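Structure first, commentary second.
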Ligand code: CA
């Protein structure tokens with residue numbers, strides 16, 4: 001009997017103890033706005049036993065529509081409906097247990113900035129400068145090593161953190177602007193508190209906070225403001241496919257299906273082409289989409305409705321908070337494609353002129369074009385993704401100038417890939433590049449031949465699409481011998497206080513570096529106001545004997561680009577071939593050399609070189 005009483009007493013004590021043990025740790029998004037088209041908002045509430053509390057919101061501005069519980073009692077998902085408001089408001093959310101308030105918070109609904117919905121995303125008027133924040137410039141050495149962050153700075157480790165930060169980018173915005181770029185894509189800045197390889201930022205451990213080693217959220221806002229003051233645009237790198245193993249929610253997930261789980265670690269096949277394969281097997285689909293990107297990168301299940309909303313709201317939060325002009329979405333096909341379409345639609349509903357580019361790394365145009373908004377796909381899938389990366393052209397740019405010109409080799413590769421533009425719903429809105437952070441640098445791929453690099457970059461900057469330049473291309477940065485990922489993302493010389501050379505200045509660059517910098521500087525600044533390059537039509541001629549000619553034109557201007565891919569021979573443009581354009585012109589200006597063209601009928605082009613000629617009536 002005594003034993004039974006003791007058990008009952010212990011049981012009651014346990015309930016009392018349990019009941020008191022309710023706390024609130026996180027509310028995400030941390031604040032929101034009034035004035036969105038979608039007036040619904042779902043808050044993720046996290047705290048010890050928080051689901052045992054009753055939630056109350058007493059406000060005329062917001063209705064608590066539904067309280068959603070999940071498997072883990074430490075989470076709640078609150079569905080709110082925000083009344084049509086044109087002002088900021090603060091609501092009180094209270095958590096009550098047994099008639100007592102056990103937790104509470106003020107939740108802020110800010111007012112959207114005027115014109116926020118009308119922002120124009122990056123487009124073919126722009127040149128995008130891509131940089132890796134840990135490797136660009138260390139503007140604040142006091143944030144290199146911080147308590148609570150696992151990895152410390154070690155510049156001797158190519159795969160370690162090197163200390164670059166937002167202040168470093170701020171300090172060199174003038175440099176980027178002078179080079180002629182008009183938009184900046186920064187590799188991920190969100191917290192990556194991983195034990196190793198945290199520098200690249202692709203293992204998010206907090207979706208609402210900038211990694212403290214890069215700076216605070218407020219520093220990111222200051223960076224965004226400074227970029228905008230210079231008339232440039234900011235593109236944020238996002239990753240929805242996976243998070244980092246050290247993400248705070250990994251300690252106790254809201255529900256087991258927050259992730260795609262396997263009985264034992266299973267890696268994705270990385271075969272992005274499978275997602276467009278009309279003969280795709282269930283096995284390969286599962287392997288590709290649900291497989292983990294890495295042991296340290298758990299695969300997110302965007303079919304969980306709470307996670308789906310969480311990710312959608314997170315991107316809208318950053319666009320509105322930081323005034324973004326674009327998003328680059330990592331590993332786009334690795335996510336569930338119906339979810340990605342929902343995401344694009346939700347973002348474009350609030351920002352109809354915004355731009356998002358997805359990393360769909362497939363090597364043929366049809367496989368990339370499948371993902372662009374309004375593609376005429378046989379399975380009727382519409383991703384609603386405005387822009388994609390031109391990976392097929394990236395391959396052609398790597399091979400074209402290295403090979404001898406044959407029936408289907410050499411410079412013909414560029415012509416061939418362009419001729420496949422019929423696949424894209426909008427080829428003028430795809431991102432074209434020779435380098436990015438995942439590949440060996442273009443300079444290495446062209447065996448350090450500056451002439452070939454110049455030809456490739458001239459093509460990137462004058463063909464259709466949105467050009468992207470990887471940081472350091474302008475100073476001929478190299479990958480190094482071991483070809484590891486860290487080597488593709490070396491420190492920009494001069495970005496660190498004790499660097500021997502400061503390549504941000506002309507005096508810190510050697511002669512070939514200054515030659516390359518000046519070449520890009522001239523081309524980018526020339527391109528800035530060239531409507532004919534931004535939106536003009538394109539016509540190309542089948543390369544003949546290594547000579548490739550194309551024109552960009554509109555009703556006002558005509559630009560001719562001529563490339564001679566021969567190693568030794570100077571070539572003369574056959575006037576008869578290009579007569580449909582040349583017949584109208586008698587003079588022009590070659591914009592790389594600045595020389596006047598007075599006899600367009602006898603254009604001779606030096607071996608391994610390019611001419612860009614603006615014709616004048
Ligand atoms: Ca630093």
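The alpha carbons of the chain give a radius of gyration and a Dmax of 27.3, 113 Å, in that order.
Could you please state, rounded to a whole Å, how far the C-alpha centre of the stretch 377-405 is from the C-alpha centre of the stretch 154-193? The distance from the Cα centre of the stretch 377-405 to that of the stretch 154-193 comes to 27 Å. Here the label points at residue 542 and residue 218, each 7 Å from Cα along the C-beta direction, are separated by 6.5 nm in the simple model. Over all directions, the projected convex hull of the C-alpha atoms in the stretch 282-349 averages 5.3 nm² in area.
Residue exposure proxy: 239, 221, ordered by other Cβ atoms within 10 angstrom of their Cβ from fewest to most, comes out as 221, 239. The residues 233, 167, when put in order of fewest to most other Cβ atoms within 10 Å, stand as 167, 233. Counting every pair of alpha carbons in the stretch 174-291, the share spaced more than 23 Å apart comes to 49 percent. Approximating the spin labels as points 7 Å out from Cα along Cα→Cβ, the residue 83-to-residue 250 distance works out to 4.4 nm. With contacts taken as Cα pairs under 8 Å and at least 6 residues apart, the stretch 549-617 reaches a relative contact order of 43 percent. Between residue 409 and residue 579, the modelled label-to-label distance comes to 3.4 nm, taking each label 7 Å out from Cα in the direction of the beta carbon. Sorted on the mean count of surrounding Cβ atoms within 10 Å across their residues, most packed first, peptides 261-271, 451-461 read 451-461, 261-271.
The residues 474, 246, when put in order of fewest to most other Cβ atoms within 10 Å, stand as 246, 474. Peptide packing for 354-361, 604-611 was compared via the average number of neighbouring C-beta atoms within 10 Å per residue; ordered from the highest value, the list is 354-361, 604-611. For the stretch 21-110, rounded, prolate or oblate, judged on the Cα gyration tensor with a ≥ b ≥ c (square roots of eigenvalues), a/c < 1.5 rounded, else prolate if a/b > b/c? Judged from the Cα gyration tensor, the stretch 21-110 comes out prolate (a/c at least 1.5, a/b above b/c). Taking a ≥ b ≥ c as the square roots of the Cα gyration tensor eigenvalues, the stretch 514-566 comes out oblate, since a/c reaches at least 1.5 and a/b does not exceed b/c. The slack between residue 157 and residue 270, meaning 0.36 nm per residue of separation minus the straight C-alpha distance, is 38.0 nm. Put the Cα centre of the stretch 236-268 next to the Cα centre of the stretch 92-129 and the gap is 24 Å. When you restrict to C-alpha pairs under 8 Å that are six or more residues apart and normalise by the size of the chain, the relative contact order lands at 11 percent. Normalised by the number of residues in the stretch 21-110, the mean separation of alpha-carbon contacts (under 8 Å, six or more apart) gives a relative contact order of 33 percent. Note on the stretch 534-616: antiparallel DSSP beta bridges, both residues inside, total approximately 100 percent of the bridges counted. The alpha carbon gyration tensor of the stretch 254-373 gives principal lengths a ≥ b ≥ c with a/c of 1.5 or higher and a/b no greater than b/c, which makes the shape oblate. The length gained on full extension between residue 535 and residue 257, counted as 0.36 nm times the residue separation minus their Cα-Cα distance, comes to 95.5 nm.
None of the figures in this text is laboratory data; all of them are computed from the coordinates on show. The structure presented is a predicted model; accordingly, all values stated were derived computationally and were not measured. Every residue, glycine among them, receives a Cβ derived from its backbone with ideal geometry; neighbour counts consider all protein chains shown.
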